[in-house]
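Rule-based calculations on the coordinates, nothing more; no lab input. Values in this document were obtained by computation on a predicted structure and should not be read as measured data. Glycine also receives a Cβ, built like all others from the backbone with ideal geometry; neighbour counts cover every protein chain displayed.
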Amino acid sequence: MGVSDEESKKLEWKEKSKIKFCILDSVLLNVLDEATVKDLWDRLGTLYQSKSLVNKLFLQKKLYNLRMKEGDSVVEHLNTFNIVVSQLVYVDIKISDEDKCISLLGSLPDLWDSLVIAIGSNATALQFDEIVSSLLME
């Protein structure tokens, strides 16, 4: 026994509503007219997963301007940092481990300078996983 047309339409409406509920109003305006869930996801993908030069520049700028404020959660900052790095990898921008380390350490507030100096002084090569461990232990 299959799903009726009415049930299918109701399910489609519910799923579109769930997605739209999670989208910022400024983004929602760009996808409001999409008829199906698939169309909605395709449009969001077109808008935000583009490998265009502008998107690459925007993501690189986002990484280089990322700053943790004093009192912010290290875990949340690491999550944000990793999301931006993942987005850059998706648009075919490769980031070496050393560059990731430098960007992450550079994004920390001045309060963390002694840890940054200690990490830089004791390492022959920067290892991202080791830096993350050091930050989480601090």
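Select from the range 82-138 the residues that are in contact (Cβ under 8 Å) with a residue 12 or more places away in the chain, part of a loop (DSSP other than H, G, I, E, B) and more than 18 Å from the chain's Cα centre (by Cα) and write down the one among them that is surrounded by the fewest Cβ atoms within 10 Å (Cβ to Cβ). Among those that are in contact (Cβ under 8 Å) with a residue 12 or more places away in the chain, part of a loop (DSSP other than H, G, I, E, B) and more than 18 Å from the chain's Cα centre (by Cα), it is Ala125.
Is there a residue in the range 50-59 that is within 30 Å of Glu138 (Cβ to Cβ) and surrounded by 10 or more Cβ atoms within 10 Å (Cβ to Cβ)? Yes. When the range 61-77 is filtered for residues that are buried (at least 16 other Cβ atoms within 10 Å of the Cβ) and either assigned to a helix (DSSP H, G or I) or at positive phi (or both), the ones remaining, listed by number, are Leu63, His77. When Lys51, Lys62, Lys56 are checked against the criterion of being in contact with a helix residue (DSSP H, G or I) (Cβ under 9 Å, 6 or more places away or on another chain) and in contact (Cβ under 8 Å) with a residue 40 or more places away in the chain, Lys51 stands alone in meeting it.
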